[in-house]
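The values are calculated or read from the model by the stated rules, or taken from the named source; none is laboratory data. Since we're looking at a predicted model, the values are computed, not measured. Please note: Cβ atoms are built from the backbone with ideal geometry, for glycine as well, and neighbour counts cover all protein chains shown.
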Amino acid sequence: MKQLLYIDLFCGAGGTSTGVERAIFDGEKCAEVIACVNHDKNAIASHAANHPNAVHYTEDIRTLDLTELTKHVAKKRAENPNAFIVLWASLECTNFSNAKGGLPRDADSRTLAEHLFRYIDALDPDYIQIENVKEFMCWGDLDANGKPLSRDKGTKFIRWVSNVRSRGYDFSYRMLNSADFGAYTSRTRFFGIFAKGDLPIVFPEPTHEKNPTKGMFALKKWEGVYQVLELDNEGNTIFREKPLSEKTLARIYAGLIKFVAGGQKAFLSRYNDVAPKDTALSIYKPCGVLTTFNRFALTKVQFLSKQFSGDNNSKNTCGTLYREKCKNS
């Protein structure tokens, strides 16, 4: 039973596709990725290794000739007459996100959503699903320096939604946090769904919350990232021939004060943040967004404590700190 057939645009190495392939309804697999597009050959190679049955296009979505993709989707439709075609687009988010700070935005990159229209017209999907940062809803014009114009905030987003709806789709959206659904990271993203005609639009119900309320219908507490960390792996000592930078040592010190002094043996140290006190994170909460830039390090403390003689400050010896980078594979 395959009720949903997905075309995954901006597929990357295949995270979304993997989620689609794992979807279960009434105990049976209910979704399949039939095609995907990405400009990066390495991403496509990884995706193809994990999803060999999908048709892969190594191409920029702006320039891909849709002739073959259209034929492929038509064939799949004929083979699965009761299935719904879903066009999924995890649109480029860098030039919308506040994480870019005060740097100029790339105006061309911000127009990628507009290139979906030719896919919509050619493939006639039953559903269109969009994922992006929440600032995507603020999409508007840029000034001469590449900075968003506050007076135009959201104007292009509203126009874009209207253009999709004019093709016969209803629309709804949610801001969903991955931690609310049992993930070990806290990551809020915009999810928009366009549905053709009278097709239903359904979003998942949260299973977890940061501070659960008591009662019969209470949700579970957010999951701590410690559950998926290799806490037994000692990693590498910070005491080495080439010292760590002062900023890194300041982050570690902040974690020692915040967590180890409070009785915890380990914490996460986050890179690329200004204030050291904000870079030390508990392993008993979801971590932040984990990317290929290795923004987090698991930091652990080990020492020997003498039980007799001397004052308290002299009893703890052979101090060692270990740090292990947390990677997104």
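So the values come out like this:
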read-out	value
In the range 154-172, residue surrounded by the fewest Cβ atoms within 10 Å (Cβ to Cβ) [restricted to those that are of a type in the set (A, V, I, L, M, F, W, C) and either under 14 Å from PRO125 (Cβ atoms) or out of contact with any strand residue (DSSP E or B) (no Cβ under 8 Å at 6 or more places or on another chain) (or both)]	ILE158
Residues within the range 197-235 that are among the aromatic types (Phe, Trp, Tyr) and in a helix (DSSP H, G or I), tallied	1
Given (1) within 23 Å of THR67 (Cβ to Cβ); (2) out of contact with any His (no Cβ under 9 Å at 6 or more places or on another chain); (3) not hydroxyl-bearing (Ser, Thr, Tyr), number of the condition CYS36 does not satisfy	(2)
Any hit, the range 187-196, residues being touching a residue at least 60 places away in the same chain (Cβ under 8 Å) and in a loop (DSSP other than H, G, I, E, B)	yes
In the range 8-30, residue surrounded by the fewest Cβ atoms within 10 Å (Cβ to Cβ) [restricted to those that are in a strand (DSSP E or B) and within 21 Å of the chain's Cα centre (by Cα)]	LEU9
Which numbered condition GLU59 fails, given (1) under 26 Å from ALA183 (Cα atoms); (2) surrounded by fewer than 16 Cβ atoms within 10 Å (Cβ to Cβ)	(1)
Qualifying residue in the range 192-208 (condition: of a type in the set (Ser, Thr, Tyr) and either modelled with pLDDT under 95 or surrounded by 12 or more Cβ atoms within 10 Å (Cβ to Cβ) (or both))	no
Hits in the range 229-264 (condition: without any contact (Cβ under 8 Å) to a residue 24 or more places away in the chain and of a type in the set (A, V, I, L, M, F, W, C))	LEU244, LEU249, ILE257, PHE259, ALA261
Which numbered condition PRO52 misses (of (1) free of Cβ contacts under 8 Å to residues at least 60 places away in the same chain; (2) closer than 14 Å to ALA13 by Cα; (3) surrounded by 14 or more Cβ atoms within 10 Å (Cβ to Cβ))	(3)
3 or more residues modelled with pLDDT of 90 or more and within 24 Å of ILE201 (Cα to Cα): qualifying strands (runs of 3 or more DSSP E) within the range 44-160	84-90, 127-132
